[in-house]
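Q: Dropping the structure in here first, questions after.
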Amino acid sequence: MWDGRIAFGGQRLARITKADFQERPPEREVFFVVRGEAPTNAPGEYLAIAFASRDAAVVARLRVSVAELVPDARVVRSRTGIVAALRELAGTVDTRAHAEALRARLARANGDETISAGVGGPKRGTTGAHLALLQAEQAVVIGRAMRGDGAVTMFEDLGPYCFVLGRPESDIREFADRTLGPLADGEQHADLVRTLDAYLRLHGSLNAVARDLYLHRNTVRQRLRRITKLTGADLKNADSRLALQLALLGRSALERLAS
């Protein structure tokens, strides 16, 4: 009889609760299917695959389907629109092909070819297991937004988003808010945010920004002065520009995750 504890890599951990594998707000639903202990003393290597559907009825069935299809899963957790499975790898595996095979079987079993998949890991140890789950869930959401339904997205496929994802959404939001300051309120300062994005994207060229946004150069200068005042950032400093670019990227990632 399971006593509420989980083993990773042969290490017996304390009794777990839902919070132990919960990275998003608590109102989101979470449940677990936990398997037995691993016999090895070395840190295990873990792969996480998340599946998503836009059909609520299919998502409800996915809970059972994933648990049946991945019988060696250590954890199966469900969040709004997403079901993710974490399993320990016994050897080398083609993770993309493995995820696509599972996605295709789930699609056939549930009559939904639009089911998408996201892959996190492989990662080692308990901390790696947490990270792999988070990466898989973020990969399936961002990947679906970028590439459409019915595809497999590896976390590394997310390109520059990899620099801001792979951490709880609260951490991403805190960094973006701290870096952008009042500009984090995109609705109130939409023009300034667009100007900053163009300025960073076009390597600080006033002429290019003016052409891109159909503005006069003087208007661009005025907006950049306001951006500097509101954020406290030195736009001539490379580190400051990088921080602002990552903050805008994080803000975009959060919008995609929320959608």
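Q: Residues of the range 208-240 being loosely packed, with under 15 Cβ neighbours inside 10 Å and basic (Lys, Arg), which ones?
A: ARG211, ARG217, ARG221, ARG225, LYS229, LYS236
Q: Here are the criteria: (1) under 27 Å from the mean Cα position of the chain (by Cα); (2) open to solvent by 40 Å² or more (accessible area, probe 1.4 Å); (3) more than 30 Å from ALA101 (Cα to Cα). Tell me which single one PRO160 does not satisfy.
A: (3)
Q: Okay, moving on. Please work out which one of (1) in contact (Cβ under 8 Å) with a residue 12 or more places away in the chain; (2) within 20 Å of ARG178 (Cβ to Cβ) is the condition THR228 fails and give its number.
A: Looking at each condition in turn, THR228 falls short on (1).
Q: I'd like to check which strands (runs of 3 or more DSSP E) are fully inside the range 40-124 and have at least 1 residues that are open to solvent by 20 Å² or more (accessible area, probe 1.4 Å).
A: 45-52, 82-88, 116-124
Q: Next up: Check THR92, THR114 and return the single one that is of a type outside the set (Gly, Ala, Ser) and touching an Asp or Glu at 6+ places or on another chain (Cβ under 9 Å).
A: THR114
Q: Right, another one. Taking the conditions exactly as written (modelled with pLDDT under 90, open to solvent by 10 Å² or more (accessible area, probe 1.4 Å) and under 18 Å from GLY121 (Cβ atoms)), does ASP20 satisfy them or not?
A: Considered against the rule, which asks whether it is modelled with pLDDT under 90, open to solvent by 10 Å² or more (accessible area, probe 1.4 Å) and under 18 Å from GLY121 (Cβ atoms), ASP20 comes out as yes.
Q: For the range 204-234, enumerate the residues that are out of contact with any helix residue (DSSP H, G or I) (no Cβ under 6 Å at 6 or more places or on another chain) and under 23 Å from PRO160 (Cα atoms).
A: Answer for the range 204-234, where residues must be out of contact with any helix residue (DSSP H, G or I) (no Cβ under 6 Å at 6 or more places or on another chain) and under 23 Å from PRO160 (Cα atoms): GLY204, SER205, ALA208.
Q: Restricting to the range 148-157, name every residue that is of a type outside the set (A, V, I, L, M, F, W, C), surrounded by fewer than 21 Cβ atoms within 10 Å (Cβ to Cβ) and in contact with a helix residue (DSSP H, G or I) (Cβ under 9 Å, 6 or more places away or on another chain).
A: Listed by number, the residues that qualify are GLY150, GLU156, ASP157.
Q: Does at least one position in the range 241-255 carry a residue that is surrounded by fewer than 16 Cβ atoms within 10 Å (Cβ to Cβ), at pLDDT 95 or above, part of a helix (DSSP H, G or I) and among the charged types (D, E, K, R)?
A: no
Q: Tell me which of these LEU196 doesn't satisfy, since it passes every other one: (1) more than 23 Å from CYS162 (Cα to Cα); (2) open to solvent by less than 60 Å² (accessible area, probe 1.4 Å).
A: (1)
The values are calculated or read from the model by the stated rules, or taken from the named source; none is laboratory data. Only a predicted model underlies this, so the values are computations on that prediction, with no experimental measurement involved. Heads up, the Cβs are rebuilt from the backbone with ideal geometry, glycines too, and the neighbour counts pull from every protein chain shown. Just the protein is used for accessible areas: all its heavy atoms, side chains included, with ligands, DNA and RNA removed. Shrake-Rupley method; radii C 1.70, N 1.55, O 1.52, S 1.80 Å.
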